[in-house]
Amino acid sequence: MAESMVGLKRSHRCTEVSEANIGSEVTVMGWVQKSRNKGGIIFVDLRDRSGILQIIFEESDCGTESFQKAEKLRSEFVAAVTGIVEKRSGAANENLKTGTIEVRAKSLRILSESEVPPFPIEENSKTKEELRLKYRFLDLRRPDIQKNLMIRSRVATLTRAFLAEEGFLEIETPTLIKSTPEGARDYLVPSRVHPGSFYALPQSPQLFKQLLMCSGYDRYFQLARCYRDEDLRADRQPEFTQIDMELSFVDVDEVLEVNERLLKKLFHDICGYELQLPIQRMTWREAMERYGSDKPDLRFGMELHNVSDVVKTCEFVVFQNALANGGSVRGINAEGQGAMPRKKIDALVEFAKGFGAKGLAYLAIQPDGSFKSSFAKFMKEEELQALVAAMGGKPGDLLLFAADKDKVVFDVLGNLRLELARQLDLLKKDDFKFLWVTEFPLLEYSEEENRYVAMHHPFTMPMDEDWHLIDTNPGAVRAKAYDIVLNGVEMGGGSVRIHQSDIQSKMFEVLGFTKEKAQEQFGFLLNAFKYGVPPHAGLAYGMDRMVMLMVGADSIRDVIAFPKVKDASCLMTEAPAPVDEKQLEELGIAVCEEK
């Protein structure tokens, strides 16, 4: 029978009780982690969000009524205990913050009883994620998840304090906005008042924060909820939080500088990590050439080598065909892996095929300097020696090569080096390697749409020295865009924005917008630009990803209170779900069967 709180007041959270309280009376409240009845004495581990505290019940101390109630305590019962803090009578528990003390109970109230939970409430749970997410309210009681969410809260508090100190204003922007379908799919919200019309949920506050710069607010930030209707991965959710900011009268260096100091503060205070400034910068082109990725993981080497010139005269048809089609031949050196069994190499070949490779050529350098290779018979001895030298190969190394169009080669080798690093255990979660990737291409060609699309968004400023190429070679125009990368994860990104109407009009033209279409979709922004717009730039972090990296979680679901699964559904609430027919009628919506 649940008891009331009348006359009770909690004096401490469980781990706020310490040796300094020995001899004092305390009142603690929480959930029963476990209870052990040793006959005449009952040991209870009481848990709240701060941790665990051991309670001892003996009838001579707490009285018959409280002792009988203590005998009924089971896992996840909610209890309130008043008692005296003592030095622990048995051996100290070094694994607990309160391991040197215990509370000798004087009274007990059972505030709530519990059914047997479907899985144990414990750290590093081995329970299947689907079951844990169905009972997320229980999963959230686990100490490791609670620690993650407390760190997330602290990140938000520190960020707000830092940016406020730097002169940023926290301003909320709308979450019911006009759909501007350039980028990921929008989530649409039907309007009852305007039948047949829809709001969109924001993919980011991009246009509104630019308008705030037009309105003179100078420095804005927001912890913004954003929504994207896209396929999910371990580091993506349909709804997520951005640490979003925009600054006026700045260029690239000023944005990066204030954000470097923010990151230094966050990683010092949260992780105890001393980030050395300035953070390394690398152009997009260099990142692709060296790592096959625009978000390279710098925790290990295994860089790409372009050996196209070395193999251009060899007779290996795979290499020749790639070069004849305007592609390249590149490789990575898995140092010390020359003895890798053929079965594992074949598995790497299959892995590479998953990223578009037709195959993977390999050359294992034996301890005596001889070769085991899939293609050595097609090359002369001096050609092989030149290839090994170009790769920095030595006895005991395994050289792996991809030959195709550059885009495929980068994708294959970029992912292959990460897979090898995983297999070789080179990825230490507490080894933070930061990188700014800069000078992204302004545009990328979409084969699907048969046109150029913005790599970031249509409001990104081109680099001044490249703008003259916009008509003759638009793919060569670089952008004043930058991403902050940590351990191979894009943690955030931004750009300097276009603030000149002639450049913005030309950008829309290159992207295939008519003047009418541009006015229809972005007229409110273009109108604002007629009335004096300052140069401005911004950046947004994926806050969920940032916290995931800080705590070493494998998925952002471990740092979000109520996440969705891969099909964007919530296993706990069973959202999305059908709605009442009357609601649909009010909105003028009919749901049709899929044909």
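With the structure loaded, tell me whether Gly414 is small (Gly, Ala, Ser), closer than 16 Å to Ile345 by Cβ and touching a Gly at 6+ places or on another chain (Cβ under 7 Å) or whether it fails that test.
Working: small (Gly, Ala, Ser): yes; closer than 16 Å to Ile345 by Cβ: no; touching a Gly at 6+ places or on another chain (Cβ under 7 Å): yes.
No, not satisfied.
Could you pull out the residue among Ser293, Ser308 that is surrounded by 20 or more Cβ atoms within 10 Å (Cβ to Cβ), of a type in the set (S, T, N, Q) and within 27 Å of Phe410 (Cα to Cα)?
On the way: Ser308 fails: surrounded by 20 or more Cβ atoms within 10 Å (Cβ to Cβ).
Of Ser293, Ser308, the one residue that is surrounded by 20 or more Cβ atoms within 10 Å (Cβ to Cβ), of a type in the set (S, T, N, Q) and within 27 Å of Phe410 (Cα to Cα) is Ser293.
Counting only residues that are assigned to a strand (DSSP E or B) and over 16 Å from Thr175 (Cβ atoms), which one in the stretch 221-247 is nearest to the chain's Cα centre (by Cα)?
At the first step, the residues of the stretch 221-247 found to be assigned to a strand (DSSP E or B) are 221-227, 239-247.
Checking the rest, the ones that are also over 16 Å from Thr175 (Cβ atoms) come to 221, 243, 245-247.
Numbers: Phe221: 20, Ile243: 12, Met245: 18, Glu246: 21, Leu247: 24 Å.
This residue is Ile243.
Just to be sure before I move on: is Pro535 surrounded by 11 or more Cβ atoms within 10 Å (Cβ to Cβ) and within 27 Å of Lys134 (Cβ to Cβ) in the structure I sent?
On the way: surrounded by 11 or more Cβ atoms within 10 Å (Cβ to Cβ): yes; within 27 Å of Lys134 (Cβ to Cβ): no.
For Pro535, the condition - surrounded by 11 or more Cβ atoms within 10 Å (Cβ to Cβ) and within 27 Å of Lys134 (Cβ to Cβ) - is not met.
Select, from Glu274, Glu303, the only residue that is of a type in the set (Asp, Glu) and either in contact (Cβ under 8 Å) with a residue 40 or more places away in the chain or closer than 21 Å to Gly414 by Cα (or both).
Working: Glu274 fails: either in contact (Cβ under 8 Å) with a residue 40 or more places away in the chain or closer than 21 Å to Gly414 by Cα (or both).
Going through Glu274, Glu303 in turn, the sole match is Glu303.
Could you check the stretch 199-220 and list, in sequence order, the residues that are open to solvent by 40 Å² or more (accessible area, probe 1.4 Å) and over 25 Å from Phe168 (Cβ atoms)?
Tyr199
Could you please find all residues in the stretch 114-153 being part of a loop (DSSP other than H, G, I, E, B), farther than 27 Å from Ile270 by Cα and not basic (Lys, Arg)?
If the condition is that a residue be part of a loop (DSSP other than H, G, I, E, B), farther than 27 Å from Ile270 by Cα and not basic (Lys, Arg), then Ser114, Glu115, Val116, Pro117, Pro118, Phe119, Pro120, Thr127, Tyr135 are the ones that fit.
If you scan the stretch 15-66, which residues turn out to be part of a helix (DSSP H, G or I), in contact with a strand residue (DSSP E or B) (Cβ under 8 Å, 6 or more places away or on another chain), under 30 Å from Asn148 (Cβ atoms) and open to solvent by 40 Å² or more (accessible area, probe 1.4 Å)? Outline the logic, then answer.
Step one: filter the stretch 15-66 for residues part of a helix (DSSP H, G or I), giving 15-16, 19-21, 59-66.
Now narrow it down to the ones that are in contact with a strand residue (DSSP E or B) (Cβ under 8 Å, 6 or more places away or on another chain): 15, 19, 21, 61-63, 66.
From what's left, under 30 Å from Asn148 (Cβ atoms): 15, 19, 21.
Answer for the stretch 15-66, where residues must be part of a helix (DSSP H, G or I), in contact with a strand residue (DSSP E or B) (Cβ under 8 Å, 6 or more places away or on another chain), under 30 Å from Asn148 (Cβ atoms) and open to solvent by 40 Å² or more (accessible area, probe 1.4 Å): just Glu19.
With the stretch 498-595 as the region, which helices (runs of 4 or more DSSP H) entirely inside it contain at least 3 residues that are touching an Asp or Glu at 6+ places or on another chain (Cβ under 9 Å)? Walk me through it before giving the result.
Details: elements: 501-510, 515-528, 543-551, 581-587.
The qualifying helices (runs of 4 or more DSSP H) are 515-528, 543-551.
So Glu335 ticks every box in (1) out of contact with any helix residue (DSSP H, G or I) (no Cβ under 7 Å at 6 or more places or on another chain); (2) crowded, with 22+ Cβ neighbours inside 10 Å; (3) more than 15 Å from Val409 (Cα to Cα) but one. Which box is left unticked?
Glu335 satisfies every listed condition except (2).
From the residues in the stretch 84-106 that are closer than 18 Å to Asp48 by Cβ and out of contact with any Asp or Glu (no Cβ under 7 Å at 6 or more places or on another chain), which one is most open to solvent (accessible area, probe 1.4 Å)?
Step one: filter the stretch 84-106 for residues closer than 18 Å to Asp48 by Cβ, giving 85, 93, 95-99, 101-103, 105.
Those left that are additionally out of contact with any Asp or Glu (no Cβ under 7 Å at 6 or more places or on another chain): 85, 93, 95-99, 103.
Values: Val85: 2, Asn93: 56, Asn95: 145, Leu96: 46, Lys97: 163, Thr98: 2, Gly99: 1, Val103: 0 Å².
Checking each candidate, the answer is Lys97.
At least 2 residues that are open to solvent by 20 Å² or more (accessible area, probe 1.4 Å) in each: list the strands (runs of 3 or more DSSP E) lying fully within the stretch 384-473 that qualify. Break it down into steps so the answer makes sense when it comes.
Details: elements: 398-404, 434-438, 443-446, 451-454.
Filter on the stretch 384-473 gives 398-404, 443-446, 451-454.
If only one of Ile279, Ile270 is assigned to a helix (DSSP H, G or I), surrounded by 14 or more Cβ atoms within 10 Å (Cβ to Cβ) and on the phi < 0 side of the Ramachandran plot, which one is it? Steps first, answer last, please.
Numbers: Ile279 fails: assigned to a helix (DSSP H, G or I).
Answer to the check: Ile270.
The values are calculated or read from the model by the stated rules, or taken from the named source; none is laboratory data. Treat the numbers as computed from the prediction; the structure is a model and nothing was measured. Note: ideal-geometry Cβ built from the backbone for every residue, glycine included; neighbour counts use all protein chains shown. Ligands, DNA and RNA are stripped out before the accessible areas are found, and what is left, the full protein with its side chains, is counted by its heavy atoms. Shrake-Rupley method; radii C 1.70, N 1.55, O 1.52, S 1.80 Å.
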